[in-house]
Structure formats: structure tokens, C-alpha cells
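Since the structure comes first, as C-alpha cells, the remarks are kept for the end.
The values are calculated or read from the model by the stated rules, or taken from the named source; none is laboratory data. A quick note: this is a predicted structure, and the numbers were derived from the prediction, not measured. Positions of Cβ are generated from backbone atoms using ideal geometry, with glycine treated the same way; all protein chains shown enter the neighbour counts.
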Amino acid sequence: MTPEEKAGQVILPFFTGTDVEAHAQVVERLHLAGSIIMGDNVPLDASGAVKPATMQALNRRLAKASAGRAWPGIIAVDQEGGLVSRLGRPLTEWPAPMSYGAAGNGALARLAGKALASELAHLGFNVDFAPGADVTIGPNDPTIGARSFSADPEAAAALSVEFSRGLLEAGVLPAAKHFPGHGSVTADSHRSLPVQGATLEQLEARDWKPFRAAVGAGVPMVMTGHIAVPALEPGVPASLSQATYGALRDLGFEGVAVTDALNMSAVKGKYPDGKAAVMALAAGADLLLMPADAAKAHAAVVRAVKNGRLSAARLDEAAVRVATMMHWRGRAGAPGGAAPGSGAGMSSRVSAAAITVLAGECRGPMVPGAVRVTGGAPRDRALFAAAAGRAGLRVGSGPVVNLVGFGGRPAKGDIAVALDAPWAIAGSTAPVKLALYGRTPGAFDALAAVLAGKATAPGKLPAAVGRYPVGTGCR
């Protein structure tokens, strides 16, 4: 490959809108690794639902832009479940990853990962930037929250590995993220550069356990986060830090190290015009995700090799790792995938296994046959009303069910329900408190069934919520 082809092979760009042709031509001209699909690239109908056939066609055009190589191009998406889900209905809606921590069932996480990825594969995706292997510290974690499987490093490790295995079984490559751990910092890297003040010993004991497990399980990609770690390299985002990539390789990782999006505020302002791309590659990254300007990043990498700021051997190493991963993916064959919505039953099963009682009775009906509902978004209340009807509950009178979403205020009412991260109800005055970890139709069915006494709540808290410790739940 020429230096220009190698430089393209290590860049994964984004584009805006749903007009794919101009972007596909850029991928072809610069020999880019492929493309990532963001929310504004997803074709929607008038009701806001994904148009599967159009999405397939768009991805086929992007795949064609990588034709001529001996390996397929990357067609990637962020589809974790919960708040980070680029593709909505008619694809299956999945609850937050913390659901698997509450359910405490690795086999269920694996089956869910496979079902989620099968629908992605059907649309032409071959990479999902999931799962989050971050260990959350609870309410002081503003970014990850319910995107984390658990506050327990061992549980987060086991469950993220099983979810990754499910993705791989469906033919979709996972990426464990965000090394060296984003769940234990108190700032959001989308807005600023968080500082991780832990010692290396503390990182090893908590944040790095899921990544060590991922490496041991053969996960093909690890994503580095935009987090400054003074114990490794003060003031430098981990995604651009040689010491951080050294620590990752010291775990035994031999796969593709991919940066978090380089257009995020933690790096974009300080390292413009391709500077971040060159720094990341020189530090040890193999794949540069979403540089603010792919053409400038490409030109900067080529120029850096020519003037000696980036060694040709380092670019070769990165390009070979990406090409090897995709060559292996291409040789493995593309499973047929599964139709959009085919995982709905599995999604419901996850929520039914995860729903957790923090305070209240564990047996029998929690309400007398009718309820009032408040809080949440209009869609949340509509889904709850529909689920209540299916469970035989009337809506309009009786105890007040208060739905509390991400960042919600302490809930009043008779029954407080956390829809996302459970610590939103830590200060609730409601005598009954439930954690749901999702806002899907299946999650609301699980909630209505428990309220009506038609099902029990088997979940256990995977993270402490105020005075309720890890493991709180019905016995």
C-alpha cells in the first residue's frame, strides 16, 4: 500500500445527513477504513421510524466504497442499548446495559448481545462500538451511568465479555470502551477533559478489570477515552497518550486500539487540523475515530510520515492491525442477520429479569387495580399506560407512579420508578421505589406486571443507591 492508502486505512470518518454519495466518494478517494453511522445519517419515515431498506442501501454504498481491497470496509454504529442507541424502531429497543448487571445473568447478556447484533448485521453493519466496559462509581459519574453493567468490577468484566461474545456470534465486531475507564471520573469528555486521579494500583483493582477480561477473551478492539490520567501522562488525553497505549498493551492486548471520537470537546479545541490524529497514531492508536475533518487528518498523517514526526513503521503497524481485523471478519463470512424487531421478546426478558425493588413489598399487587402516572417524557407515560392496560390496570385514579428519567429530581408520589440510572430515586420520599433500567415497551410491561402482582421483581441493585447497598432487591 502507498503511504496515502495506509493513512486512509487508519481513519474512520463520519458524515452529516443521509446523502451518502458525496461521502462515499471521499472514502474512495482517501482510501478510508470505512464509515460510522451517526443518528443524523439514519433514514427515517414521517413517523420517525427507521427505514430498513434505505438503511441497507446506504450501507451497501458505503461498503462498495471500500471495494478493491482483500477485506471489507468498516460499517460501524454505536448501539449499546438504553440512552446510546442510534437506531430506533422498528429495530428492537433495548434497555440500558445496567439491566444485565441487575439480572446478574451472563448467559442472558450473551443472548441479548447476539440478538441486538443480528439486527445490525441484517442492515449491513459489521462493527458496533459496544459494550461499555466502564465501572461506574454511581451518582458522581455524569457520563456513563446506566451505560455501565455494574459498579462491581468483577460483574462488569464478566457481563461485558459475555455481551461481546454475543455480538461476535452474530458477525459484528465489538469494542470494549473506554480505556482506562470513564465510569470513575466526574466530568463528561464530550464537554471537557476529565482527570482521573486514581493511582495505577487503584486502576488495576477497579477500572482495568473489565479490560483485562476483554483482552483475555480475545475482544478484537478496545476504545481509548479522552481522559487525562496523571499516573500515566499528566494533562494528556488517554487517547493521545503513549503511556496509556503502553498500559493497554501491557494487559496483553494485540488487537486494534481505536480512539474515542476525535471531534469531541476534550480534544478538538486543543488539537485542531489533524494534530490529534498524528498524536494518537504516534502514541499507539491504530484506528482514528471521527476526526473533525477527515481530509485534514489524512493529509496530516501523510505529511507527518514524510517529515519524520510519525514513523513509517508505526503507520504500518496500525494499518496492518486494522486490515488484519477486517480480513478476519471478511473470511468469517457474514451471517444473514435477523429482521428488525426480532429481538423484542429477548429485550422484554432482560427487563423482566432486571427490575428491582428497593423499597416495598416483594409479593402480591403493589396497587389496587388503578394508578395515576406522572413524570417521565410523554412517550414514557404513553408506553406505561399501554403496558398497564395489558396487565389489567386502569390509568387515571389510585396511587401515583412517578417515572424518573436520567438526571431527574427526587421523586414524590406513592411509587418512584427510576427509568435509567437507579440513583435518580435515592432521595425519593415515595414509600415504594423501583429501578427499571429502561424505557422500552418491554421494560414498561415488566413494571406493569410487578405493580399488578402478576410477576415478581428478581433484580438486584448493581450499584449503590443512597442508603440502598449493592445487592438490594427481593430475595
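General remarks:
- Scope region 7-44; condition in contact with a helix residue (DSSP H, G or I) (Cβ under 9 Å, 6 or more places away or on another chain) and in a loop (DSSP other than H, G, I, E, B); matching residues: Val10, Pro13, Phe14, Phe15, Thr16, Gly17, Thr18, His31, Leu32, Ala33, Val42, Pro43
- Candidates in region 75-93 are the residues that are modelled with pLDDT of 95 or more and farther than 24 Å from Leu62 by Cβ; of these, the one that is surrounded by the fewest Cβ atoms within 10 Å (Cβ to Cβ) is Glu93.
- Test: residue in region 108-129 that is touching a residue at least 60 places away in the same chain (Cβ under 8 Å), assigned to a loop (DSSP other than H, G, I, E, B) and over 21 Å from Ala261 (Cβ atoms): yes
- Filtered by the rule that a residue be more than 22 Å from Glu80 (Cα to Cα), among the charged types (D, E, K, R) and not in a loop (DSSP other than H, G, I, E, B), region 394-450 gives Arg394, Lys433.
- Residue count for region 263-304, restricted to those that are closer than 16 Å to Gln9 by Cα and either at pLDDT below 95 or of a type in the set (Asp, Glu) (or both): 3.
- Selected residue (only one of Gly408, Gly389, Gly341 is in contact with a helix residue (DSSP H, G or I) (Cβ under 9 Å, 6 or more places away or on another chain), modelled with pLDDT under 95 and not charged (D, E, K, R)): Gly408
- Beta carbons closer than 6 Å, at least 6 apart along the sequence or on distinct chains, pair a first residue in region 412-430 that is under 25 Å from Ser148 (Cα atoms) with a second that is aromatic (Phe, Trp, Tyr) for Asp420/Phe406.
- Residue that is nearest to Asp134 (Cα to Cα), among those in region 188-204 that are of a type in the set (A, V, I, L, M) and either without any contact (Cβ under 8 Å) to a residue 12 or more places away in the chain or assigned to a loop (DSSP other than H, G, I, E, B) (or both): Ala198
- Just one of the numbered conditions (1) touching a strand residue (DSSP E or B) at 6+ places or on another chain (Cβ under 7 Å); (2) outside any strand (DSSP E or B); (3) surrounded by 24 or more Cβ atoms within 10 Å (Cβ to Cβ); (4) of a type outside the set (Lys, Arg) is not true of Ala257: (2).
- Which listed residue, of Arg69, Arg60, is closer than 14 Å to Met326 by Cβ, surrounded by fewer than 22 Cβ atoms within 10 Å (Cβ to Cβ), in the same structural domain as Asp316 (by TED's automatic domain parsing) and in contact (Cβ under 8 Å) with a residue 24 or more places away in the chain: Arg69
- Residue within region 218-232 that is in contact (Cβ under 8 Å) with a residue 24 or more places away in the chain, part of a loop (DSSP other than H, G, I, E, B) and of a type in the set (S, T, N, Q) present: no
- Looking across region 310-362, the residues that are part of a loop (DSSP other than H, G, I, E, B), out of contact with any strand residue (DSSP E or B) (no Cβ under 9 Å at 6 or more places or on another chain) and aliphatic (A, V, I, L, M) come down to Leu310, Ala334, Ala338, Ala339.
- Each residue in region 200-228 was checked for being more than 16 Å from Asp152 (Cα to Cα) and either modelled with pLDDT of 95 or more or within 18 Å of the chain's Cα centre (by Cα) (or both), and 15 of them qualify.
- Of residues in region 151-187 being in a loop (DSSP other than H, G, I, E, B) and within 15 Å of the chain's Cα centre (by Cα), the one nearest to Ala214 (Cα to Cα): Gly181
- Of all the listed residues (Ala418, Ala424), the sole one being buried (at least 24 other Cβ atoms within 10 Å of the Cβ), at pLDDT below 95 and under 22 Å from Glu361 (Cα atoms) is Ala424.
- Matching entry among Ala382, Ala387 (being of a type in the set (Gly, Ala, Ser) and either part of a strand (DSSP E or B) or touching a Pro at 6+ places or on another chain (Cβ under 9 Å) (or both)): Ala387
- The set of residues in region 1-23 that are in contact (Cβ under 8 Å) with a residue 12 or more places away in the chain, surrounded by fewer than 21 Cβ atoms within 10 Å (Cβ to Cβ) and not aromatic (Phe, Trp, Tyr) comprises Met1, Pro3, Glu4, Glu5, Thr16, Gly17, Thr18, Glu21.
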